[in-house]
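One structure is given below, encoded as structure tokens.
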Amino acid sequence: MQPIVSYTGHTVKLGDLPVERVLPVRNRRMVGPWCFLDRFGPLSFTDAKPMDVAPHPHIGLQTVTWLLEGEILHNDSLGCEAIARPGSVNVMTSGAGIAHSEQTPRQHTGKLNGVQLWVALPDTRRHGPAAFQAIDRVPQLELPGGIIQLFAGSLQNVTSPAQHYSDILGFEATLHPHTTLELDLNPTWEHALVVLDGECHLENQPLTKGPLYDLGTGRASIALRATRRAKLLLIGGPPFEEKILMWWNFVARTPEEIAHARNLWLAHEHFGDVTAYDGPRLTAPDLLPLRRP
Ligand code: MN
């Protein structure tokens, strides 16, 4: 069993919205097939529009949007529209290419609190068609130590309807105070967790809000304990066997693929338009020399 290693993320701006990026970090590029984790909020607002990400392209990945509070309106170049809310999950599969926008809808609760994750698509699926799946309510497991909302993969004979193309696990756990939440894990998989609210203990190590706690492989179970109500996110999967290259919104394998996708976006080719979005689309940043992974 590997020791728990904590990695501090860094703050980046998504338009005007500050987000904490805890994956990838310098020494941990992936957790199973998960390759990206942005944490935003909690925040309250009145007339502002905290999330407003204009149309932008993706290749080679799935986006998974999971909210604790508030709502995000998704529109894409397939013509799909959906509002993510707490308890629901939106899974967008880019395949070879899709464009989408994400914004705070006109009607909102004045709150925003959640995460966006990316899943790297395996080579067998990454050149395939784009797709979008909105799941209104993910499966919930009520356990003695807490409540689990399973948005990806399977746990204790319960399976999320979200479609993925690698073995995967992703859930939010709400821990009841002064009890222990015990869960079986696949010891051959990598796992990591992020405390979203409150604090808890794992193997006598205190876990606080913010960092990515990398559990590595080799854990057949975990026991989480909180002294007050706490929420955390757990992600996992078998070590991803393919070396990926990430740049901007693209997950690829070579610098040439990245440059090609960027050129197509700049030329208004291949990705399609997000006609439901009112405003200009994002432009790609300058391409710096990329190293082959
Ligand atoms: Mn996106």
Build a GNM of the chain with springs between Cα atoms under 10 Å: which of Pro42, Pro24, Pro161 gets the top mean-square fluctuation? Pro42
Taking Lys and Arg as +1 and Asp and Glu as -1, residues besides Pro3 with C-beta under 12 Å from its C-beta add up to -1
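In the chain, what percentage of the DSSP-assigned beta bridges are antiparallel, given to the nearest 5? Could you put the intermediate results ahead of the total?
Values: 97 of 100 bridges.
Bridges in the chain are about 95 percent antiparallel.
Relative to the Cα centre, what is the charge dipole magnitude of the chain, using +1 at the beta carbon of each Lys and Arg, -1 at the beta carbon of each Asp and Glu, and rounding to the nearest 20 debye? Walk me through the intermediate numbers first.
Numbers: 25 positive and 30 negative charges, 109 e Å.
The calculation lands at about 520 debye.
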Count the net charge of all other residues whose Cβ sits under 13 Å from the Cβ of Pro239, scoring Lys and Arg as +1 and Asp and Glu as -1. -2
Can you give the Kirkwood hydrodynamic radius for segment 5-237, in Å, rounded to one decimal and based on Cα pairs? 17.9 Å
Working only with C-alpha atoms, what are the Rg and Dmax values of segment 42-128, expressed in angstrom? 13.5, 45
Between the helical axis of 255-266 and the dominant principal axis of the chain, each derived from Cα atoms, what acute angle in degrees is found, rounded to the nearest 10? 60 degrees
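No value in this document is a laboratory result; all are computed from the given coordinates. Just so you know, these numbers come straight off a predicted model, no measurement behind them. Every residue, glycine as well, gets a Cβ built from its backbone with ideal geometry; the counts of neighbours run over all protein chains shown.
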